[in-house]
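Student: Sending over a structure as structure tokens; questions will come in a sec.
The values are calculated or read from the model by the stated rules, or taken from the named source; none is laboratory data. Predicted, not measured: the structure shown is a model, and the values here were computed from it. Every residue, glycine among them, receives a Cβ derived from its backbone with ideal geometry; neighbour counts consider all protein chains shown. Protein only, heavy atoms only, side chains kept; ligands, DNA and RNA dropped before computing areas. Shrake-Rupley method; radii C 1.70, N 1.55, O 1.52, S 1.80 Å.
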Amino acid sequence: MAEPRRPTESGVPDPMPFMHPVMRKNYGHWAWHDRPRPGVLHHVAESGDEIWTVKAGTQRQMDVFTVRALCDIADKYAEGHVRFTVRSNIEFMVSKKDMVDPLIKALNDGGFPVGGTGNSVSMISHTQGWLHCDIPGTDASGVVKSLMDELYEEFINERMPNRVKITTSCCQINCGGQGDIAINIQHTKPPKINHELVSLQCERPAVVARCPVAAIRPAMVNGKPTLEVDEKKCVCCGACFPPCPPMQINDPEHSKLAIWVGGKHSSTRSRPTFHKLVAAGIPNNAPRWPEAAEIVKNILRAYQKDARAWERMGEWIDRVGWPRFFELTGLPFTKYHLETWRGGRASLNASAHLHF
Amino acid sequence: MAKQMPKTPLLDQLETGPWPSFVTGLKRLAKSDKGYADMMKDLLGQLEHSYETRKGYWKGGTVGVFGYGAGVIPRFSEVADKYPESKEFHTIRIMPPAGMHYTTDLLRKLCDIWERHGSGLIAFHGQSGDIMFQGSTTDNIQPAFDELNELGFDLGGAGAGVRTSVSCVGAARCEQSCYDEAKAMRMSLNAMVDDIHRPSLPYKFKMKFAGCANDCANAIHRADMAIIGTWKDDMQVDQKAFQQIVKERGRKEIIDQVIRMCPTEALSLNDDDTLEVDNKSCVRCMHCLNVCTKALKPGKERGAAILVGGKRTLKIGDQMGTVVVPFMKLENDEDYEGLVELARNMLDFFAENALEHERTGEMIERIGLSNFLEGVGLELDLNMIAAPRSNSYVRMDGWDEEVKKWNARSKSAAE
């Protein structure tokens, strides 16, 4: 047998050979930018060079025919260069203003929405789901497609108080990350254990150690070493499932969706924040998830109507208070909204500041 | 006889509506005359089955390429008896060019490779920052990687190792960029390829690079080590351009949306519509620069702050990264090498001191920030805290020694 080929450990490729020449030429020497219309950025370099960026939404999971269709548009209308954003939008750069409109038309004709800039609802950052993940409670790609259909007008317009970053996640690991709105799986029942398989598939001490509330312990069932869960302690987080697939956490009925708001990565104005629970118990209703979509739209309407210019979702709520948020959205407030994790008392109102 | 397209009444409902549909793309692959068409038919069948039963049917395993211990995500179907053609559907994680720039020529080459050896399905990009080449058989992984590798691409991270990184568009197109994000990212990651490809850390280690406090790379919460651009001197104000903005938008809008929204009340509008900035109070948050882009810019003494310990819930709860270096000048090669060395020190300290399945933030929570700083060779700084302690239960018999250290440092800084 031939000697296998040894890899070239080349690491992260140099972007310069692939970068639009105007960006390469003015690298590190940009002067200012503005947004002529939703979906278009206009950057001016210190040299006086200008570049227009047209941003379009994609389905993220792309077949090669879609990628080639985008390449055809880039070759014909955008000088053969593109880049992707962290939210899976595609950006086409052009060096002349009069190239912008034909490019937008070509994208729209090809079924790609132009938008996602400024104070819009950008593409939902998400993960793999049932298509490819080994532990998913839902199909993020489907949730995202359904929601983006509903939020299409908010993607192609800039009419929110500030940018809105939405995320979805198919389990509580939360690969989608923090968001102004996050739509995440929330399991509500402990794992169902296949005791026949545990000792064959799982490194039991590692699984015991993985549990954040020490609810898992070794056990013998039918003469076989296995694991058992103290169901009173279990918080149904699903952390045991990845290292031990026979501890099935996903359930067609009891794996629900929960919605969280006010997450923010930027340090712009306020400090970065984690998103907070506002709604749960939402059915994992494939293929269109209408109940989740309705709550998201309801939250967006309240934010759009009530927040001041440049307030992100969490900043708006900080100003008007949580009582006002729940009043405006009509969402029920329950004991499950109270933080119970360590340090949770810090989330209580330790002041005489009250909203009526 | 050719394999039939599966019936997919649930997935079909995801083909309606204005947003581009991934289902339509999957069907294009399944209906094509390519070698992967039957695999994609069964993949659609299995996905429809997931939509019917609301459960996933993939399990992991061990698949890789010669010489590496990570970077391929193996997927074996648990329902292969019903959908045999997609019984193996592995993903290859490939690190994209920093900043995710592509020529169409490059994208077409990537597509061609994935048509030869995979399913024709590619995600640009995964949340890890990788190009996800989704869907290949065990036998096809090596030839697919060989071709990608020959084209200049390398596997990304997975498991308990250094992970693929992300940098914002930064210096390539943004006037707010405070350092060369792509250079910092490539130099750091490419000095750690061994820990990317042969993971043997306590758990994952992620770095992300953002050019300013807007943090378009989502670094502060999603990276063990976040490199976030900032500046040390005064912000740059073009007063004429600012006056023009006031003229265009009106004083009320400027007062409501710029002056009053400054988190540290560092701004004041002068009678002649110029801007007064109290740069000592400014925290470099970016708000006024964002909304007055032509008039306001970062200062000229640029570099980055380094924050460590960001992570999601498992196991002790969410953590944001916190400051461990308030300002690192990033101008010449030596500065960038200093960043790489610091990253290396942090990685080594993490490798030696973290417990199994513990992230950097959890380790610091357990051992305390001062032990971490000592371990990686960093000096204490007031920018590292939101506030000093409020709990008096602490043993302080080393106080005088620490005061001497502080005074000596303050004196040498003043000289």
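Student: Which condition number does residue B:158 fail, the rest of (1) more than 7 Å from chain A (Cβ to nearest Cβ); (2) under 30 Å from residue A:164 (Cβ atoms) being met?
Tutor: Condition not satisfied by residue B:158: (2).
Student: If I go through the stretch B:254-278 residue by residue, how many of them are assigned to a loop (DSSP other than H, G, I, E, B) and touching a helix residue (DSSP H, G or I) at 6+ places or on another chain (Cβ under 8 Å)? Don't jump to the end; show me each part of the working.
Tutor: Restricting attention to the stretch B:254-278, the residues satisfying the condition of being assigned to a loop (DSSP other than H, G, I, E, B) are B:260-266, B:270-274, B:278.
Imposing the further condition that a residue be touching a helix residue (DSSP H, G or I) at 6+ places or on another chain (Cβ under 8 Å) reduces the set to B:261-263, B:272-274.
The number of residues fulfilling the criteria is 6.
Student: Could you grab me the full set of residues in the stretch B:50-73 that are facing another protein chain (nearest Cβ under 9 Å) and touching a residue at least 12 places away in the same chain (Cβ under 8 Å)? Before you say what the answer is, go through the steps one by one.
Tutor: First, the residues of the stretch B:50-73 that are facing another protein chain (nearest Cβ under 9 Å): B:50-60, B:65-68, B:73.
Residues satisfying the conditions are B:51, B:52, B:57, B:58, B:59, B:60, B:65, B:66, B:67, B:68, B:73.
Student: Anything in the stretch B:77-90 that is farther than 15 Å from residue B:55 by Cα and either in a strand (DSSP E or B) or open to solvent by 50 Å² or more (accessible area, probe 1.4 Å) (or both)? List them, or say none.
Tutor: B:81, B:82, B:84, B:85, B:87, B:88
Student: Which is within 14 Å of another protein chain (Cβ to nearest Cβ) and crowded, with 17+ Cβ neighbours inside 10 Å, of A:325, A:274? I'd like the intermediate steps shown before the answer.
Tutor: Details: A:325 fails: within 14 Å of another protein chain (Cβ to nearest Cβ).
A:274 is the lone residue from the list that is within 14 Å of another protein chain (Cβ to nearest Cβ) and crowded, with 17+ Cβ neighbours inside 10 Å.
Student: I've got another one for you. Taking the condition in a helix (DSSP H, G or I), surrounded by fewer than 18 Cβ atoms within 10 Å (Cβ to Cβ) and out of contact with any Ser or Thr (no Cβ under 7 Å at 6 or more places or on another chain), does residue B:194 pass?
Tutor: yes
Student: Kindly indicate whether any position in the stretch A:303-313 is under 24 Å from the mean Cα position of the chain (by Cα), over 27 Å from residue A:141 (Cα atoms) and exposed (fewer than 15 other Cβ atoms within 10 Å of the Cβ).
Tutor: Among the residues of the stretch A:303-313, at least one is under 24 Å from the mean Cα position of the chain (by Cα), over 27 Å from residue A:141 (Cα atoms) and exposed (fewer than 15 other Cβ atoms within 10 Å of the Cβ), which makes the answer yes.
Student: Out of A:137, A:142, A:179, I need the residue that is in the same structural domain as residue A:303 (by TED's automatic domain parsing) and closer than 24 Å to residue A:266 by Cβ. Which one?
Tutor: Just a single option satisfies the conditions, and that option is A:179.
Student: For the stretch B:133-154, name all the residues that are within 12 Å of chain A (Cβ to nearest Cβ), open to solvent by 10 Å² or more (accessible area, probe 1.4 Å) and outside any loop (DSSP other than H, G, I, E, B).
Tutor: Within the stretch B:133-154, B:142, B:143, B:146, B:147, B:150 qualify.
Student: Here's another thing I want to ask about it. If residue A:7 passes every condition in (1) more than 18 Å from residue B:183 (Cα to Cα); (2) more than 7 Å from every other protein chain (Cβ to nearest Cβ) but one, which one does it miss?
Tutor: (2)
Student: Taking the stretch A:10-24 only, how many residues are more than 7 Å from chain B (Cβ to nearest Cβ) and polar (S, T, N, Q)?
Tutor: Of the residues in that region, 0 qualify.
Student: Follow-up. So which of B:345, B:371 ends up being surrounded by fewer than 19 Cβ atoms within 10 Å (Cβ to Cβ), more than 25 Å from the chain's Cα centre (by Cα) and not hydroxyl-bearing (Ser, Thr, Tyr)? Spell out how you get there, then give the answer.
Tutor: Values: B:345 fails: more than 25 Å from the chain's Cα centre (by Cα).
Result: B:371 is the single residue among B:345, B:371 that is surrounded by fewer than 19 Cβ atoms within 10 Å (Cβ to Cβ), more than 25 Å from the chain's Cα centre (by Cα) and not hydroxyl-bearing (Ser, Thr, Tyr).
Student: State which residue is least open to solvent (accessible area, probe 1.4 Å) when the search covers only the stretch B:232-247 and only residues that are closer than 9 Å to residue B:275 by Cβ and in contact (Cβ under 8 Å) with a residue 40 or more places away in the chain.
Tutor: Across the stretch B:232-247, the extreme among qualifying residues is B:242.
Student: For residues that are open to solvent by less than 40 Å² (accessible area, probe 1.4 Å) and of a type outside the set (Val, Ile, Thr), tally how many sit in the stretch A:210-229.
Tutor: Matching residues across the stretch A:210-229 total 5.
Student: Would you call residue A:132 over 19 Å from residue A:309 (Cα atoms), facing another protein chain (nearest Cβ under 9 Å) and in contact (Cβ under 8 Å) with a residue 24 or more places away in the chain? Write out each step before concluding.
Tutor: Working: over 19 Å from residue A:309 (Cα atoms): yes; facing another protein chain (nearest Cβ under 9 Å): yes; in contact (Cβ under 8 Å) with a residue 24 or more places away in the chain: no.
When the stated conditions are applied, residue A:132 does not pass them.
Student: Counting just the residues of the stretch B:170-191 that are out of contact with any Lys or Arg (no Cβ under 7 Å at 6 or more places or on another chain) and open to solvent by 30 Å² or more (accessible area, probe 1.4 Å), which one comes out farthest from residue B:210 (Cα to Cα)?
Tutor: Within the stretch B:170-191, the subset out of contact with any Lys or Arg (no Cβ under 7 Å at 6 or more places or on another chain) is B:170-174, B:176-177, B:180-190.
Keeping just the survivors that are open to solvent by 30 Å² or more (accessible area, probe 1.4 Å) gives B:174, B:180, B:183, B:186-187, B:190.
On the way: B:174: 11, B:180: 10, B:183: 12, B:186: 13, B:187: 15, B:190: 18 Å.
Once the filter is applied, the top-ranked residue is B:190.
Student: Among (1) modelled with pLDDT of 95 or more; (2) under 22 Å from residue B:134 (Cβ atoms), where does residue A:100 come up short?
Tutor: (2)
Student: Please state which one of B:201, B:189 is closer than 14 Å to residue B:162 by Cα, under 15 Å from the mean Cα position of the chain (by Cα) and among the aliphatic types (A, V, I, L, M).
Tutor: None of the others qualify; the one that does is B:189.
Student: Follow-up question, since we're still on this one. What is the number of the single condition among (1) outside any loop (DSSP other than H, G, I, E, B); (2) surrounded by fewer than 23 Cβ atoms within 10 Å (Cβ to Cβ) that residue B:61 does not meet?
Tutor: That leaves (1) as the condition not met.
Student: Does residue B:284 satisfy being modelled with pLDDT under 95 and crowded, with 19+ Cβ neighbours inside 10 Å?
Tutor: no
Student: So which of B:313, B:322 is free of Cβ contacts under 8 Å to residues at least 12 places away in the same chain, of a type in the set (Ser, Thr, Tyr) and open to solvent by 20 Å² or more (accessible area, probe 1.4 Å)?
Tutor: Only one candidate qualifies: B:313.
Student: Then there is this: Going by the conditions given, is residue B:95 among the aliphatic types (A, V, I, L, M), over 24 Å from the mean Cα position of the chain (by Cα) and surrounded by 23 or more Cβ atoms within 10 Å (Cβ to Cβ)? Show your work before the answer.
Tutor: Values: among the aliphatic types (A, V, I, L, M): yes; over 24 Å from the mean Cα position of the chain (by Cα): no; surrounded by 23 or more Cβ atoms within 10 Å (Cβ to Cβ): yes.
No, not satisfied.
Student: Among the listed residues B:3, B:34, identify the single one that is out of contact with any Pro (no Cβ under 8 Å at 6 or more places or on another chain), at pLDDT below 95 and not in a helix (DSSP H, G or I).
Tutor: Working: B:34 fails: at pLDDT below 95.
Selected residue: B:3, the only one of B:3, B:34 that is out of contact with any Pro (no Cβ under 8 Å at 6 or more places or on another chain), at pLDDT below 95 and not in a helix (DSSP H, G or I).
Student: Filter the stretch B:7-31 for residues that are open to solvent by 40 Å² or more (accessible area, probe 1.4 Å) and part of a loop (DSSP other than H, G, I, E, B); which is farthest from the other protein chains (Cβ to nearest Cβ)?
Tutor: The extreme case among them is B:7.
Student: Looking only at residues in the stretch B:267-295 that are farther than 13 Å from residue B:257 by Cβ and among the β-branched types (Val, Ile, Thr), which one is farthest from the other protein chains (Cβ to nearest Cβ)?
Tutor: Residue satisfying both the conditions and the ranking: B:274.
Student: Still on this structure, I have one more. Determine whether the stretch A:143-162 contains at least one residue that is open to solvent by less than 10 Å² (accessible area, probe 1.4 Å), assigned to a loop (DSSP other than H, G, I, E, B), within 8 Å of chain B (Cβ to nearest Cβ) and under 16 Å from residue A:59 (Cβ atoms).
Tutor: no
Student: Which residue, of A:85, A:58, A:53, is among the polar types (S, T, N, Q) and farther than 27 Å from residue B:298 by Cβ?
Tutor: A:58
Student: While we're looking at this one, here's another question. Based on what the data block shows, is residue B:370 farther than 23 Å from residue B:232 by Cα, without any contact (Cβ under 8 Å) to a residue 24 or more places away in the chain and part of a helix (DSSP H, G or I)?
Tutor: Details: farther than 23 Å from residue B:232 by Cα: yes; without any contact (Cβ under 8 Å) to a residue 24 or more places away in the chain: yes; part of a helix (DSSP H, G or I): yes.
Answer is yes for this residue.
Student: In this structure, does residue B:325 turn out to be outside any helix (DSSP H, G or I) and in the same structural domain as residue B:181 (by TED's automatic domain parsing)?
Tutor: yes
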